[in-house]
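Colleague: Please read through the structure below; I'll follow up with questions.
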Amino acid sequence: MKQVTFFAAFILLFSFSSTAQHKKITKQEYIATYKDFAIQDMIESGVPASITLAQAILESSSGNSKLATKAKNHFGIKCHSSWNGPSIKMDDDEKNECFRKYKTVLDSYRDHSKFLTTRGRYDFLFEYEITDYKKWSHGLKKAGYATNPKYGHLLIKIIEENELYDLDKLGQNYYAHNNSNKSKTKKGRTVTSIKKSKPVNVPNTTPSKIKISADRNNVPYVMSHAGDTWLSIATRNDMMLWQVLKYNDAEKYTPVYPNSVIYIKPKR
């Protein structure tokens with residue numbers, strides 16, 4: 001009798017733990033958990049926080065999809081030929097498709113912004129106002145991010161129902177409060193990069209003049225100064241951090257040496 005009672009208690013305990021382990025989170029819980037990731041990403045990459053979070057909610061079913069729980073992939077990004085990391089096979093438009101797998105959800109968020117900022121077909125999005133979530137939503141569909149013809153409308157619905165556009169304003173206010181030298185793009189956007197842990201000292205140097213070099217296919221460039229950082233170069237030339245990194249095939253922590261050629265427009 002005791003053995004039966006113990007066995008029944010064990011089954012009941014296992015049932016509760018299994019249920020807790022697979023408990024789904026709500027959309028509001030997801031937003032509360034990851035909104036700071038989205039704002040941080042917006043300030044670093046120029047992708048609106050509202051767009052990032054709306055895509056994550058839609059693509060991962062608020063973090064509850066099989067791809068999100070098994071691979072921490074919250075944006076439905078497939079492997080593509082450039083991916084050398086871990087992967088997982090799942091059915092999508094076709095059977096047994098290859099999707100990227102990440103160690104952490106934050107890695108998925110970072111890869112999402114990298115995906116948008118390093119693929120030419122998304123370049124036109126960054127000409128839009130960073131607060132124009134409607135243009136961004138329809139632009140993502142136009143660029144081929146998803147095959148669903150209603151993709152743009154679905155993103156807009158998520159943003160408006162959950163007031164995610166307020167996150168874009170928070171990102172702008174954060175940058176304005178922490179950096180007096182706001183850099184603007186052609187459309188007048190003011191969000192560029194965020195200083196992550198240590199303050200970045202921007203050298204007080206004379207602005208470089210744009211030079212055109214015929215042997216560099218007439219691509220505008222500037223020469224770096226002693227003490228320059230990628231952020232100081234971006235700020236001085238009215239660029240976003242992601243732009244100067246992309247145009248020079250650099251990472252945030254790639255050293256900047258004095259008197260180096262720094263491209264300020266895409267190389268041809």
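Here's the yes/no breakdown for (1) surrounded by 19 or more Cβ atoms within 10 Å (Cβ to Cβ); (2) touching a residue at least 24 places away in the same chain (Cβ under 8 Å); (3) in the same structural domain as residue 123 (by TED's automatic domain parsing); (4) hydrophobic (A, V, I, L, M, F, W, C):
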| site | (1), (2), (3), (4) |
| --- | --- |
| 231 | yes, yes, no, yes |
| 236 | yes, yes, no, no |
| 239 | yes, yes, no, yes |
| 249 | no, no, no, no |
| 252 | no, no, no, no |
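Colleague: Can you report the number of residues in region 48-70 which are assigned to a loop (DSSP other than H, G, I, E, B) and either within 16 Å of the chain's Cα centre (by Cα) or free of Cβ contacts under 8 Å to residues at least 12 places away in the same chain (or both)? Before you say what the answer is, go through the steps one by one.
Modeller: First, pick out the residues of region 48-70 that are assigned to a loop (DSSP other than H, G, I, E, B): 48, 61-65.
When the remaining residues are screened for being either within 16 Å of the chain's Cα centre (by Cα) or free of Cβ contacts under 8 Å to residues at least 12 places away in the same chain (or both), the result is 48, 61, 65.
Counting residues in region 48-70 that are assigned to a loop (DSSP other than H, G, I, E, B) and either within 16 Å of the chain's Cα centre (by Cα) or free of Cβ contacts under 8 Å to residues at least 12 places away in the same chain (or both) gives 3.
Colleague: Any residue in region 199-207 that is modelled with pLDDT of 60 or more, out of contact with any Cys (no Cβ under 6 Å at 6 or more places or on another chain) and either over 30 Å from residue 38 (Cβ atoms) or surrounded by fewer than 20 Cβ atoms within 10 Å (Cβ to Cβ) (or both)? Spell out how you get there, then give the answer.
Modeller: Step one: list which residues in region 199-207 are modelled with pLDDT of 60 or more, which gives none.
Checked against the condition, which is being modelled with pLDDT of 60 or more, out of contact with any Cys (no Cβ under 6 Å at 6 or more places or on another chain) and either over 30 Å from residue 38 (Cβ atoms) or surrounded by fewer than 20 Cβ atoms within 10 Å (Cβ to Cβ) (or both), region 199-207 yields no hits at all.
Colleague: Exactly one of (1) free of Cβ contacts under 8 Å to residues at least 60 places away in the same chain; (2) buried (at least 22 other Cβ atoms within 10 Å of the Cβ); (3) in contact with a Lys or Arg (Cβ under 8 Å, 6 or more places away or on another chain); (4) not in a loop (DSSP other than H, G, I, E, B) is unmet by residue 73. Its number?
Modeller: Only one criterion in (1) free of Cβ contacts under 8 Å to residues at least 60 places away in the same chain; (2) buried (at least 22 other Cβ atoms within 10 Å of the Cβ); (3) in contact with a Lys or Arg (Cβ under 8 Å, 6 or more places away or on another chain); (4) not in a loop (DSSP other than H, G, I, E, B) is unmet by residue 73, namely (4).
Colleague: Just to check your reading of the model, which residue among 99, 115, 124 is closer than 25 Å to residue 251 by Cα, free of Cβ contacts under 8 Å to residues at least 24 places away in the same chain and among the hydrophobic types (A, V, I, L, M, F, W, C)?
Modeller: Working: 99 fails: free of Cβ contacts under 8 Å to residues at least 24 places away in the same chain; 115 fails: free of Cβ contacts under 8 Å to residues at least 24 places away in the same chain.
124 is the lone residue from the list that is closer than 25 Å to residue 251 by Cα, free of Cβ contacts under 8 Å to residues at least 24 places away in the same chain and among the hydrophobic types (A, V, I, L, M, F, W, C).
Colleague: Only one of (1) in contact with a His (Cβ under 9 Å, 6 or more places away or on another chain); (2) crowded, with 24+ Cβ neighbours inside 10 Å; (3) not hydrophobic (A, V, I, L, M, F, W, C) fails for residue 63. Which number is that?
Modeller: The failed condition is (2).
Colleague: Something else: Would you be able to tell me the number of residues in region 112-146 that are within 16 Å of residue 44 (Cβ to Cβ) and not in a helix (DSSP H, G or I)?
Modeller: 1
Colleague: Moving to a separate point now. Any residue in region 175-186 that is surrounded by 18 or more Cβ atoms within 10 Å (Cβ to Cβ), of a type outside the set (A, V, I, L, M), more than 20 Å from residue 237 (Cβ to Cβ) and modelled with pLDDT of 50 or more?
Modeller: Within region 175-186 (the criterion being surrounded by 18 or more Cβ atoms within 10 Å (Cβ to Cβ), of a type outside the set (A, V, I, L, M), more than 20 Å from residue 237 (Cβ to Cβ) and modelled with pLDDT of 50 or more), the answer is no, since none of the residues qualifies.
Colleague: Here is a follow-up. Being assigned to a loop (DSSP other than H, G, I, E, B), free of Cβ contacts under 8 Å to residues at least 12 places away in the same chain and on the phi < 0 side of the Ramachandran plot is the filter here; which residues of region 147-165 pass it?
Modeller: Just the residues of region 147-165 that are assigned to a loop (DSSP other than H, G, I, E, B), to begin with: 147-150, 162-164.
With free of Cβ contacts under 8 Å to residues at least 12 places away in the same chain added as a condition, the list becomes 148-150, 163.
Matches in region 147-165: 148, 149, 150.
Colleague: Further, regarding this structure: Need pairs with beta-carbon distance below 8 Å; first residue assigned by TED's automatic domain parsing to the domain that holds residue 117 and within region 131-144, second among the charged types (D, E, K, R); sequence gap 6+ or separate chains.
Modeller: Pairs that qualify, where the first residue is assigned by TED's automatic domain parsing to the domain that holds residue 117 and the partner is among the charged types (D, E, K, R), are 131/168; 131/169; 133/168; 135/129; 143/121; 144/121.
Colleague: From the list 191, 219, which one is at pLDDT 85 or above and in a loop (DSSP other than H, G, I, E, B)?
Modeller: Numbers: 191 fails: at pLDDT 85 or above.
Of 191, 219, the one residue that is at pLDDT 85 or above and in a loop (DSSP other than H, G, I, E, B) is 219.
Colleague: Any residue at all in region 86-103 that is on the phi < 0 side of the Ramachandran plot and in a helix (DSSP H, G or I)? So that I can check it myself, show each step before the final result.
Modeller: From region 86-103, those on the phi < 0 side of the Ramachandran plot are 86-95, 97-103; that's our starting set.
When the remaining residues are screened for being in a helix (DSSP H, G or I), the result is none.
The answer is no, given that none of the residues of region 86-103 is on the phi < 0 side of the Ramachandran plot and in a helix (DSSP H, G or I).
Colleague: Against the definition (hydroxyl-bearing (Ser, Thr, Tyr), in contact with an Asp or Glu (Cβ under 8 Å, 6 or more places away or on another chain) and in a helix (DSSP H, G or I)), how does residue 109 come out, yes or no? Spell out the reasoning first.
Modeller: Numbers: hydroxyl-bearing (Ser, Thr, Tyr): yes; in contact with an Asp or Glu (Cβ under 8 Å, 6 or more places away or on another chain): yes; in a helix (DSSP H, G or I): yes.
In short, yes.
Colleague: Among the numbered conditions (1) in contact (Cβ under 8 Å) with a residue 60 or more places away in the chain; (2) under 22 Å from residue 251 (Cα atoms); (3) surrounded by fewer than 18 Cβ atoms within 10 Å (Cβ to Cβ), tell me where residue 109 comes up short.
Modeller: Failing condition for residue 109: (3).
The values are calculated or read from the model by the stated rules, or taken from the named source; none is laboratory data. Values in this document were obtained by computation on a predicted structure and should not be read as measured data. Cβ coordinates were reconstructed from backbone atoms using ideal geometry, including for glycine residues, and neighbour counts include every protein chain displayed.
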